[in-house]
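Values in this text are rule-based calculations from the coordinates and carry no lab data. All figures in this text were calculated on a predicted structure; none of them were measured in a lab. Note that each Cβ is placed from the backbone with ideal geometry, even for glycine, and that neighbours are counted across all protein chains shown.
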Amino acid sequence: MNYQNLTLTEYEKHYTDIAPNYSHVDDFSPTGPHYHRTTFFLRFLHPGQKVWDVGCSNGGLARYITGLMDLSYFASDIAPFFVQNAQRSAPKAICGTFPIERAPFAEECFDVVIAGEVLEHVLNINIALNQIRHVLKRGGMLLATTPRNPDTDVNEQHLRYLDDKAWKELLPQCYVEDNQYSWLMAWKKP
């Protein structure tokens, strides 16, 4: 399927259809496969912050983070199936179904936006990043991770690969870290 030719509505329907069969381990705990991302996010999170977890999948990160600290935590995904699971998994989070491009949030309302292994999936990266910039407070942080190696991470739903060079072109002055699993990126809104 050529995802680039889909409209946003068609893309939402596609993810709604495939979500129940999506094989994704959603464990961000110290014994889980995604803990390297969790430790990166935790460097920037502090109690009392307002956080938006974009592309929350089944809510594994939301469950772990809201269990550790008191945050105003919003989690969203494009697929209703994921959001229903996330709300059950992370009852302290407020969950909603919508694409990043149509987020219903006011300007400058979040301290942190987390996009863990998500931005490689969005149809238009520039629209998604503009929406994230819109909702971040001045001095707020975008924390994102993306797959490290396009040669070993073969996924037809990955529309792009964002390595250190790509991140620095999209968000000048961002911090990018490479570990053996993912590219880890932090950007502070001026």
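Between Arg138 and Asn179, the modelled labels are 3.3 nm apart [label points 7 Å from Cα along Cα→Cβ]. Other residues lying with their Cβ under 12 Å from the Cβ of Lys137 contribute a combined charge of +2, Lys and Arg counting +1, Asp and Glu -1.
Pairs of Lys residues in the chain are counted when their Cα atoms are under 17 angstrom apart and they lie 8 or more places apart or on different chains; the count is 8. Each 10 Å bin, from zero up to the one with the longest distance, holds this percent of the alpha carbon pairs of region 110-151: 28, 52, 18, 2. DSSP beta bridges fully contained in the chain are about 40 percent antiparallel. Note on region 63-135: along the principal axes its Cα atoms extend 32, 26, 20 Å, ordered by decreasing extent.
For the peptides 67-79, 170-182, the ranking by mean Cβ contacts within 10 Å, running from highest to lowest, is 67-79, 170-182.
Put simply, the amide H of Asp53, placed in the peptide plane, has neighbours under 5 Å in Phe74, Ala75, Ser76, Ile114, leaving out anything fewer than 5 places away on its chain.
What the Kirkwood sum gives for the chain is a hydrodynamic radius of 16.6 Å, with every pair of different alpha carbons counted. Whole-percent P(r), region 22-114, all Cα pairs, 10 Å bins from 0: 17, 53, 28, 2. Between Leu159, Leu42, Leu142, the Gaussian network model of the chain with springs among Cα atoms under 10 angstrom shows the greatest mean-square fluctuation at Leu42. Expressed as a whole percent, how much of the Cα-Cα distance distribution for region 85-190 exceeds 20 Å? Of all Cα-Cα pairs in region 85-190, 42 percent lie more than 20 Å apart.
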